[in-house]
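The values are calculated or read from the model by the stated rules, or taken from the named source; none is laboratory data. All values reported here derive from a predicted model rather than from experimental measurement. Using ideal geometry, Cβ is built from the backbone for each residue, glycine included, and neighbour counts are taken over all protein chains shown. For the accessible areas, the whole protein counts, side chains as well, though only heavy atoms, and no ligand, DNA or RNA atoms are used. Shrake-Rupley method; radii C 1.70, N 1.55, O 1.52, S 1.80 Å.
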Protein chains: 2
Amino acid sequence: MFKDSLGRGARAVDAHFAGVLGGVDDLPVTRAMGYAVSGGKGLRGWLVLESARLHDVPRDRALWPACAIEAIHAYSLVHDDLPCMDDDDLRRGRPTLHREWDEATAVLAGDALQALGFEMVSDPRCHPDAAVRADLTLSLARAAGARGMVLGQALDMAAERTTRPLTLDQITALQSGKTGALITWSAQAGARLARADLAPLTAYAERLGLAFQIADDILDVTGDADTVGKAVGKDAARGKATFVSLLGLDGAKRRAQTLVTDACDALSSYGAGADALREAARFVISRRT
Amino acid sequence: MFKDSLGRGARAVDAHFAGVLGGVDDLPVTRAMGYAVSGGKGLRGWLVLESARLHDVPRDRALWPACAIEAIHAYSLVHDDLPCMDDDDLRRGRPTLHREWDEATAVLAGDALQALGFEMVSDPRCHPDAAVRADLTLSLARAAGARGMVLGQALDMAAERTTRPLTLDQITALQSGKTGALITWSAQAGARLARADLAPLTAYAERLGLAFQIADDILDVTGDADTVGKAVGKDAARGKATFVSLLGLDGAKRRAQTLVTDACDALSSYGAGADALREAARFVISRRT
């Protein structure tokens, strides 16, 4: 089942990460880095491992970019949770990093996790061909930076400071940076490692990323904090435009469903080999956490 | 003279950076990124350009890593100045980024600058050979991360939380991470671009980096904020161990002088071609800002 496969992936990434961190001095920052990376669903790392498997890339290579994307994702959550950003106390069902340690440790651990992400994709053990490593690094930097994830964050911040609610196009652009860029990179990674065509996995991931965010907006309305593992109802409380506020709950559910169907169809050239990725897409909109 | 050469390098890096940022959406975060990178001495970028010139690397290639290291350095200053870290209001003679904008913009702009640094060294325009780009990226990630600059920051933070003042060995280790790692990478960059021996520039830069930090400690005691462009006297006020508190003012000056002599000697294999780097080393301990 998909959830078992996801769990196995997360454990493999955790173990790999522990090995990498083992070479670093034991300091609060280092322990905080391990804390930040653990305890999540590991969807992005799993997407890397699965797209690598689809291209017959050895798992010991794929673990490097899988771990890298989880490090980048974790750093973004740690910084996003800071008091000056979203000011969250709960993440993955545990205290956020700055609550467990302090703000300075959270800033530093996030910074070190970002550097470590780039270190892992440029490590020769990730791939013997430097052209593949350089390609992984360049695409990851673009996905993480001011044209990708940080752009999404910046658009989100700008939206919170205006009284005009966002349009559907604007929210879609915001989310394609904030969540979409890393999810797309994750799904592409296997094809990049194998120097294969990126188009099918890109089309799949763009739809998956958007469906994922719509599901997040739905959970913010229908979920409870204990199950979801983070604060819920914050967007509605702030009067923030979301996919649910713009499309209605049923409309948002239908849109997510269509996106998942399209995401699965985009993988037709892979045949049944891509069934796990299809199952993941269906899971993303049925999840409760 | 060296100061003119430094100024020309900084202007070239600024112009290159403006070109790179020109392709990014115009948002507060983007403008803050430009603000953070400008206004400094540009020593790290200059070291990249000069070590590249020494190896006959075309300047239009060297500008990529020069700009990358200034972006990484700028991000570290922006995060270091945050209220939860050093809580500084003044940097490079202007308000720190979180004073000019706000904390959230400072966190995000710093994060985006780090990603942009890695994007620039993995850009094919930096070097046509992917092996060189992958090498620049891996070494930059190590220099910036939890074994390099962030390690230095973390050791510094740990030191502020203990009542036991650091020993000379501990301060040297701390500074070799906090300041030394990026300075060493900068001086090595030209040799990396040319796939030449790293040893002479590494020996030079390790001594230069330490001399630079000793000079910083001296300025913290002897300089005034208007000239230095940032707060001074903070270390002494906090009772923090520095090279000056451990070696005395004269002892610190002598140690810096010896390091500069050794740094210059390390470049003997380059002959007179490395005179500009030697002049830079002498400048570093004579500077007033």
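Does region A:54-62 include one or more residues that are among the β-branched types (Val, Ile, Thr), modelled with pLDDT of 95 or more, part of a helix (DSSP H, G or I) and under 24 Å from A:Gly273 (Cβ atoms)?
No: zero hits.
I need the full set of residues from region B:216-238 which are modelled with pLDDT of 75 or more and crowded, with 18+ Cβ neighbours inside 10 Å, in order please.
Within region B:216-238, B:Asp216, B:Asp217, B:Ile218, B:Leu219, B:Asp220, B:Gly223 meet the criteria.
Just one of A:Leu201, A:Leu249, A:Leu210 is over 17 Å from the mean Cα position of the chain (by Cα) and modelled with pLDDT of 90 or more; which is it?
A:Leu249
So how many residues does region A:103-126 have that are surrounded by fewer than 24 Cβ atoms within 10 Å (Cβ to Cβ) and more than 7 Å from chain B (Cβ to nearest Cβ)?
Within region A:103-126, residues that are surrounded by fewer than 24 Cβ atoms within 10 Å (Cβ to Cβ) and more than 7 Å from chain B (Cβ to nearest Cβ) number 3.
Is it fair to say B:Lys178 is assigned to a helix (DSSP H, G or I), touching a Gly at 6+ places or on another chain (Cβ under 6 Å) and either open to solvent by 30 Å² or more (accessible area, probe 1.4 Å) or not hydrophobic (A, V, I, L, M, F, W, C) (or both)?
In short, yes.
What number of residues within region B:265-280 satisfy the criterion of being of a type in the set (Gly, Ala, Ser) and either farther than 14 Å from B:Ala187 by Cα or more than 21 Å from the chain's Cα centre (by Cα) (or both)? Spell out the reasoning first.
Just the residues of region B:265-280 that are of a type in the set (Gly, Ala, Ser), to begin with: B:266, B:268-269, B:271-274, B:276, B:280.
Next, from what is left, pick out any that are either farther than 14 Å from B:Ala187 by Cα or more than 21 Å from the chain's Cα centre (by Cα) (or both): B:268-269, B:271-273.
Residues flagged as of a type in the set (Gly, Ala, Ser) and either farther than 14 Å from B:Ala187 by Cα or more than 21 Å from the chain's Cα centre (by Cα) (or both) within region B:265-280 amount to 5.
Could you figure out which of (1) open to solvent by less than 10 Å² (accessible area, probe 1.4 Å); (2) more than 17 Å from B:Phe118 (Cβ to Cβ) isn't true of A:Ala68?
Status for A:Ala68: all satisfied but (2).
With respect to B:Glu160, determine if the residue is of a type in the set (Asp, Glu), open to solvent by 30 Å² or more (accessible area, probe 1.4 Å) and within 17 Å of B:Val260 (Cα to Cα).
no
Consider only pairs whose beta carbons are under 8 Å apart and that are at least six residues apart or on different chains; among these, list those whose first residue lies in region B:74-97 and is within 9 Å of chain A (Cβ to nearest Cβ) and touching a residue at least 24 places away in the same chain (Cβ under 8 Å) and whose second residue is among the hydrophobic types (A, V, I, L, M, F, W, C) and assigned to a loop (DSSP other than H, G, I, E, B).
Note: pairs meeting the criteria are B:His79/B:Met85.
Residue by residue, here is whether (1) outside any loop (DSSP other than H, G, I, E, B); (2) open to solvent by 20 Å² or more (accessible area, probe 1.4 Å); (3) in contact (Cβ under 8 Å) with a residue 60 or more places away in the chain holds:
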position	(1), (2), (3)
B:Lys240	no, yes, yes
B:Gly251	yes, no, no
B:Asp262	yes, yes, no
B:Gly271	yes, yes, no
